[in-house]
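The values are calculated or read from the model by the stated rules, or taken from the named source; none is laboratory data. Everything numeric here is computed off the predicted structure, so don't read it as measured data. Quick reminder, even Gly has a Cβ in these numbers, built from the backbone with ideal geometry, and neighbours come from all protein chains shown.
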Number of protein chains: 2
Amino acid sequence: MTATEAPRGTAQAELAGPATAAGPGALAGLSSRSRALRPSGKVLPEHARSHNRALVLQTLYTTGAQSRADLARGTGLTRVTVSDLVAELMGEGLVVELGQREDARPGKPATLLDVARSAFRIVGIDVSGHRVVRGAVLDLSGTILERAESPLGGATGERAFELVAELAARLVGLATAPVLGVGIGTPGVVDPRGTVRSAPNLGWADLPLQARLSARLGLAVHATNDANAAVLAEHGAAEADDLMLVKIGHGVGAGLIVGGRLVTGSGFASGEIGHVVVGTDGGPRCVCGRDGCLEAWLSVPRLTEQLDALGADADEAARDDVLAEAGRRLGIVLAPVVGALDLPEIVLSGPAHLLDGPLIAAALETLRKRTMAEQTRDLRLRMTAHGQDIVLHGTAVMVLSGELGVS
Amino acid sequence: MTATEAPRGTAQAELAGPATAAGPGALAGLSSRSRALRPSGKVLPEHARSHNRALVLQTLYTTGAQSRADLARGTGLTRVTVSDLVAELMGEGLVVELGQREDARPGKPATLLDVARSAFRIVGIDVSGHRVVRGAVLDLSGTILERAESPLGGATGERAFELVAELAARLVGLATAPVLGVGIGTPGVVDPRGTVRSAPNLGWADLPLQARLSARLGLAVHATNDANAAVLAEHGAAEADDLMLVKIGHGVGAGLIVGGRLVTGSGFASGEIGHVVVGTDGGPRCVCGRDGCLEAWLSVPRLTEQLDALGADADEAARDDVLAEAGRRLGIVLAPVVGALDLPEIVLSGPAHLLDGPLIAAALETLRKRTMAEQTRDLRLRMTAHGQDIVLHGTAVMVLSGELGVS
DNA sequence: GAAGTTTGTTCGTAAGCTTTACTAACTTTC
DNA sequence: GAAAGTTAGTAAAGCTTACGAACAAACTTC
């Protein structure tokens, strides 16, 4: 009996989490399979199986087209087991054969396999913009195929949710292949079940974003904080297991990966460094009422305002001073975090014309001056390469990871 | 890789590197069995088995005496499987039957089981003292049964290693039951294989402490940074999955647990916050040459010196001011870390007469003032309950975790 | 004393991965 | 040009692991 014929519907139904609705058609079995649901800890054979299945898919995803034998060597599993898992994955449409390898080697020519990167779509939504909700349809490689956006127009609460839901539905409609899942990055505190505990700007409090959207779309939905999504996007490319991403926009927030895993925090509020006070010499008044919060120093509105105040014909040096001062403040706040976590890399996301230059240089210099040389000698501080789409890319990583165990 | 699951066990696997020799006799099979050997991925049935074995042991360890049926309910495994695993554990001498349960209930009376807490010993060594190396023999519950120490006498390099090795051997000799393993907490940067990459005070650089000691004693050895050991000790008792421990002595260091796992850092130098500069208003000159490092503000020699300078008949308020200022400085450094990680709890270790009072109060107040209210409202900042023995207890936790998968 | 309950074991089964052995299909070598 | 060697993928058998069903033991309750 081949794996594809195996009637395992019951097992899937049991594994499927209550919060995430399974998709229709070919996807019905997918979302449940790869997730390791181990609330209290025991490991059953089927868990091992799904782990190995995800491992094969992951290897194929990151290493690219290769044969079953290559996969066996790469994963440490035997060729037999790999063949079995691949048959299962092919049965679900996630993996396809590309044909025989061309190069001339002794032995039977290998049949190349690859993830069916165009067989499924991911819908990503970025609610972190101040004026618009942005969305996209991506393929399994994370390439953006379609875009759409909705002006937020100051909407909050239920109206804001409605805008998000409509945009998501519109994008699902644009998808020309089955949708694997929908990912959402939103500001605020989001718990692991995708409930927005608190997002003041959007007027959301205890909004079960993931559950409601999942019910409405009939698709698997994953929601997380926008900075967390961003750091997932960056981690997808980076090889490092420790990474911090600082997202600078209207507010300032961060996402952290430590030991290869996303840090959520005890109250799901990790990365909220925007209202940490910087230094011991005061600073600009913050919207939160205190003086010298990081956000008061560094937010895009504040920087823009300061630069505008210099006038259009301002000295280059004067502009640089403003930006360098903001960078120094960022460095001051990051130094203890870098020291405590021994971080090798920090990535900034936000308007490059403000961040990429004197600001980032001053931040790195400040970090070096305020931490042990051994730790920050190799520290990298750089702009993201994802640009404006970082949250969208991150939501795709989240869906891939959540649905297929791939990142 | 599955985000929630893939790297699990890495901490253990890394802690127990290939350098760890298995013990003799009854212990020969233990150390290898419980370790989750999953460098990059595949899961075999035997891995699942060892995981479940550790789960049973862990449940028994933390919940205390209970029946096989209780264990089955607690772990989610069936009674059959639990019986099988318990038989294996009893065969290795790790679990014993205590006799029938006394209370009057319908049904066949249950046979109570417990971890054989006195059947094995753990030897712990604390090299973090400035003048002496301290050691102890502990049972599996972490109770200290014997103590021994060696004056360091300014020894460094090979002589210091010799002192440690001799103390360890002496303690192994004092043990009246088979030794499960030896744990060492040392200052400096220690990699996952127990090699001390750098410990300036001891004159150690790239010293394979774990491997050499393991070869010499013929026992499993685990070595880690002293602050990491300390936070493991604290975590053993705490229920929280996120925890920071700040160890204040001659130097200042920290150990971090995030998401239930020890943070090692990209260069194995996590927690090195002693030489992070505090604030933007200068400060005392540090041994590292900079002004205003945390260690320059907060180290025990510095505090003692300041208090001594006040004179023996000093005002109580003056003493409090000195300590409160140090506490404020600690709060300033910790605020960004608390914000970034959303930490629920910070524990201090060090001389209570200095730390437990105005210092800790000022630190907490400063933390509250410099972070978002939502995050620090429930923040706990307290002294450790382990006192001077925190590193010794931590080394025991490390051995338990590394050898048995129990913590 | 009968009925019900709980414990712990025995026996057979399903799932999963491995080893061993095989065929297919190619390159290299003589 | 044929034999030898190499590699890919499959098939069969076996081992490990955990499960479910059934059962005996031993107790409480009625």
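When residues in region A:70-92 are screened for being under 17 Å from A:Lys108 (Cα atoms) and away from DNA strand C (no atom under 11 Å from the Cβ), 3 of them pass. Scanning region B:150-182 for residues that are among the charged types (D, E, K, R) and without any contact (Cβ under 8 Å) to a residue 12 or more places away in the chain yields B:Glu158, B:Arg159, B:Glu162. Among the residues of region A:83-108, those identified as without any contact (Cβ under 8 Å) to a residue 40 or more places away in the chain, within 15 Å of A:Arg49 (Cβ to Cβ) and near DNA strand D (Cβ under 8 Å from one of its atoms) are A:Ser83, A:Val86. Applying the criterion of being in a loop (DSSP other than H, G, I, E, B) and closer than 27 Å to A:Val278 by Cβ to the residues of region B:287-331, the residue that is farthest from the other protein chains (Cβ to nearest Cβ) is B:Ser299.
Does region A:161-172 include one or more residues that are away from DNA strand C (no atom under 16 Å from the Cβ), within 30 Å of A:His47 (Cα to Cα) and under 19 Å from the mean Cα position of the chain (by Cα)? The answer is no, given that none of the residues of region A:161-172 is away from DNA strand C (no atom under 16 Å from the Cβ), within 30 Å of A:His47 (Cα to Cα) and under 19 Å from the mean Cα position of the chain (by Cα). Among all residues of region B:49-67, there is at least one that is polar (S, T, N, Q), in a strand (DSSP E or B), at pLDDT 90 or above and within 13 Å of DNA strand C (Cβ to nearest atom). A:Gly107 satisfies every condition listed in (1) within 12 Å of DNA strand C (Cβ to nearest atom); (2) more than 14 Å from chain B (Cβ to nearest Cβ); (3) at pLDDT 90 or above except (3). For A:Ser401, the stated conditions do not hold, so it cannot be described as farther than 30 Å from A:Val56 by Cα and hydroxyl-bearing (Ser, Thr, Tyr). In summary, A:Thr366 fulfils each of the numbered conditions (1) closer than 19 Å to A:Gly327 by Cβ; (2) outside any helix (DSSP H, G or I) with the single exception of condition (2).
Among all residues of region B:345-360, there is none that is free of Cβ contacts under 8 Å to residues at least 24 places away in the same chain, within 26 Å of B:Asp241 (Cα to Cα) and not hydroxyl-bearing (Ser, Thr, Tyr). Could you list all residues from region B:88-105 that are outside any helix (DSSP H, G or I) and of a type in the set (Asp, Glu)? Once the filter is applied, which keeps residues that are outside any helix (DSSP H, G or I) and of a type in the set (Asp, Glu), region B:88-105 yields B:Glu92, B:Glu97, B:Glu102, B:Asp103.
If you take the residues in region A:16-48 that are more than 21 Å from A:Val82 (Cβ to Cβ) and in a helix (DSSP H, G or I), which one is modelled with the lowest pLDDT? Here the residue is A:Gly25. The set of residues in region A:140-176 that are within 23 Å of A:Gly236 (Cα to Cα), touching a strand residue (DSSP E or B) at 6+ places or on another chain (Cβ under 7 Å) and surrounded by fewer than 18 Cβ atoms within 10 Å (Cβ to Cβ) comprises A:Ile144, A:Leu145, A:Glu146, A:Arg147. Comparison of A:Val263, A:Val276, A:Val246, A:Val258 shows that the only residue that is touching a Pro at 6+ places or on another chain (Cβ under 6 Å), surrounded by 21 or more Cβ atoms within 10 Å (Cβ to Cβ) and at the interface with chain B (Cβ under 10 Å from one of its Cβ atoms) is A:Val276.
Results for (1) at pLDDT 95 or above; (2) of a type outside the set (Gly, Ala, Ser); (3) under 22 Å from B:Asp206 (Cβ atoms), shown as yes or no for each residue.
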| residue | (1), (2), (3) |
| --- | --- |
| B:Lys247 | yes, yes, no |
| B:Ala254 | yes, no, no |
| B:Arg261 | no, yes, no |
| B:Thr280 | no, yes, no |
| B:Gly283 | no, no, no |
| B:Asp291 | no, yes, no |
| B:Leu294 | yes, yes, no |
